[in-house]
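Below is one structure, written out as structure tokens; comments come after it.
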Amino acid sequence: KKETPIHYHTFNKHLGHRKKIKGKGRYPVKEAKLVKKTLKTAIANATLKGLQKEKLAITTATANKQHTYPRYKKYWVGPIIIGFGKQALYSNYTTAILEIILKEV
């Protein structure tokens, strides 16, 4: 759901102004899904190790950028698309590591 926008301090070129945060921001829907999925996995791992689900608290949550792999189509595109050959269909595939550490309080 797009309820509360997140204020972006960096990488905020061409972003719209949001009234709720009084500045530039975005609704990170895909990122929120990944964090929710990782948090569910961390809770399941903690309960499997014998910790109580109700007493868990997040101690650290980090996201680190990993490798970037170049991706492009390896064939002639044709004169219809603007650009020449591989330039028109070039895109990067970036990976990241999301880490959530839970502790029993």
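The values are calculated or read from the model by the stated rules, or taken from the named source; none is laboratory data. No experiment lies behind these values; they were computed from the predicted model shown. Please note: Cβ atoms are built from the backbone with ideal geometry, for glycine as well, and neighbour counts cover all protein chains shown.
Observations on the model:
- Selected residue [in contact (Cβ under 8 Å) with a residue 12 or more places away in the chain, in contact with a strand residue (DSSP E or B) (Cβ under 8 Å, 6 or more places away or on another chain) and of a type outside the set (Lys, Arg)] from 25, 16: 25
- Residue within segment 36-55 that is in contact with a strand residue (DSSP E or B) (Cβ under 8 Å, 6 or more places away or on another chain), within 30 Å of residue 103 (Cα to Cα) and free of Cβ contacts under 8 Å to residues at least 24 places away in the same chain present: no
- Residues of segment 27-69 satisfying the condition of being part of a strand (DSSP E or B) and aromatic (Phe, Trp, Tyr): 69
- Selection over segment 70-81 of residues that are exposed (fewer than 10 other Cβ atoms within 10 Å of the Cβ) and either within 30 Å of residue 101 (Cβ to Cβ) or at pLDDT below 70 (or both) gives a count of 6.
- Of the residues making up segment 44-51, one or more are surrounded by 14 or more Cβ atoms within 10 Å (Cβ to Cβ), out of contact with any Gly (no Cβ under 9 Å at 6 or more places or on another chain) and aliphatic (A, V, I, L, M).
- Evaluating residue 41 against the criteria (1) at pLDDT below 95; (2) surrounded by 10 or more Cβ atoms within 10 Å (Cβ to Cβ); (3) among the hydroxyl-bearing types (Ser, Thr, Tyr) leaves one unmet condition, (1).
- For segment 9-51, the set of residues classified as more than 18 Å from the chain's Cα centre (by Cα) and under 30 Å from residue 104 (Cβ atoms) consists of 43, 44, 45, 46, 47, 48, 49, 50, 51, listed by residue number.
- Residue match in segment 8-21 (condition: surrounded by 13 or more Cβ atoms within 10 Å (Cβ to Cβ), out of contact with any Asp or Glu (no Cβ under 9 Å at 6 or more places or on another chain), modelled with pLDDT of 90 or more and not in a loop (DSSP other than H, G, I, E, B)): yes
- Answer from 61, 88 - the residue that is among the small types (Gly, Ala, Ser) and modelled with pLDDT of 75 or more: 61
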